[in-house]
Amino acid sequence: MKGEALKSLQSKIGVTADGAFGYNTARAIVDFYGYTPEQGAHFLGQCYHESAGFTVSIENLNYSAEAIRRTWRTRFETIADAEPYERNPEKLANNVYADRMGNGPEASGDGWKYRGRGFVQLTGKNNVTAFAHAISRLDLIENPEPIEVELAFDAAVWYFGENDLFKLARNGVDDETIRTITKRVNGGHHGLDERTRWTKKIYGWLTS
């Protein structure tokens with residue numbers, strides 16, 4: 001359900017668990033986890049975009065054939081190639097995530113099992129396994145579903161730390177740093193305008 005992961009986090013940090021992200025929640029997160037304003041702004045700005053405003057914590061793969069073609073051009077050379085996967089999230093995940101990120105072949109079902117979860121969409125068996133070991137929750141390797149709600153924030157924290165993004169955030173809340181962090185989170189610069197807007201907005205909250 002939308003907002004359940006944020007409600008879970010809000011309960012943990014001691015603010016009203018209403019599923020709404022704003023000033024109070026941002027400040028409470030930074031205080032609870034001991035982040036600097038710069039670290040908090042970059043982290044929460046990226047999470048905000050990746051999770052559609054903290055409302056989505058599992059990857060949406062319910063794509064049209066046209067969207068499939070745009071997103072995975074090397075796998076689907078024509079619209080006709082994409083049509084068998086249209087509006088079939090499980091089949092699509094098993095195809096596009098097969099034989100990479102530690103996943104098995106398409107028939108293994110790993111693509112669907114290890115699809116993106118959490119506030120930064122932790123994807124692939126390798127990432128899930130590394131996260132599971134880091135927090136001593138080896139049950140997640142066979143059942144990653146808790147990453148969707150209970151551990152949505154923890155997974156994002158782990159990803160930022162693992163990729164040295166909290167360290168990079170110390171450079172400041174400027175356009176170039178936001179662009180660099182976006183590249184590491186997204187693999188490109190998709191949604192850069194929104195990421196920039198929210199990172200700077202949150203920084204304003206945290207320094208006011």
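Read the figures in this text as sums done on the coordinates, not as results from a lab. What you are looking at is a predicted structure, and each value in this text was computed from that prediction instead of being measured. Glycine gets a Cβ as well: all are built from the backbone with ideal geometry, and neighbour counts include every protein chain shown.
The residues HIS49, HIS189, when put in order of fewest to most other Cβ atoms within 10 Å, stand as HIS189, HIS49. Along the axis of the charge dipole computed for the chain (Cβ charges of +1 for Lys and Arg, -1 for Asp and Glu, origin at the Cα centre), the listed residues ALA41, ILE58, PHE131 are led at the positive end by ALA41.
For the stretch 34-191, the convex hull drawn through the C-alpha positions has a volume of 114 cubic angstrom per residue. Take the alpha carbon atoms of the stretch 73-106, find their center, do the same for the stretch 150-208, and report the distance between the two centers in whole angstrom. Between the Cα centre of the stretch 73-106 and that of the stretch 150-208, the gap is 29 Å.
What is the dipole size for the stretch 65-115, taken about its Cα centre, with +1 at each Lys and Arg Cβ and -1 at each Asp and Glu Cβ, in debye to the nearest 20? It comes to approximately 200 debye. Given the options THR78, THR36, THR177, state which has the largest fluctuation in a GNM of the chain using a 10 Å cut-off (strictly under) for Cα springs. Sorting by GNM fluctuation, first place goes to THR78. Only the Cβ atoms of Lys and Arg (+1) and of Asp and Glu (-1) were treated as charged; on that basis the dipole of the stretch 1-57 about its Cα centre amounts to roughly 120 debye. Taking a straight line from the alpha carbon of LYS7, these lysines sit under 28 Å away, with near neighbours fewer than eight places off in the same chain left out: LYS113, LYS125, LYS167, LYS200, LYS201. Taking amide H atoms as placed 1.01 Å from N in the peptide plane, the amide H of LEU122 lies under 5 Å from those of ARG117, each 5 or more residues away in sequence or on another chain. With θ taken as phi - 60° and the coefficients 6.51, -1.76 and 1.60, list the Karplus ³J(HN,Hα) couplings across the stretch 39-56 in order, rounded to whole Hz; mark glycine and proline as x. Each residue's phi maps through the Karplus curve to give 5, x, 5, 5, 4, 6, x, 5, 4, 4, 5, 4, 10, 6, x, 6, 9, 10 Hz. Each of THR78, ASN163, LEU151 was scored by the projection of its Cα onto the charge dipole of the chain, and the greatest displacement toward the positive side belongs to ASN163; charges sit on the C-beta of Lys, Arg, Asp and Glu. Using Cβ point charges alone (K and R +1, D and E -1), the dipole size of the stretch 1-158 about the Cα centre works out to roughly 160 debye.
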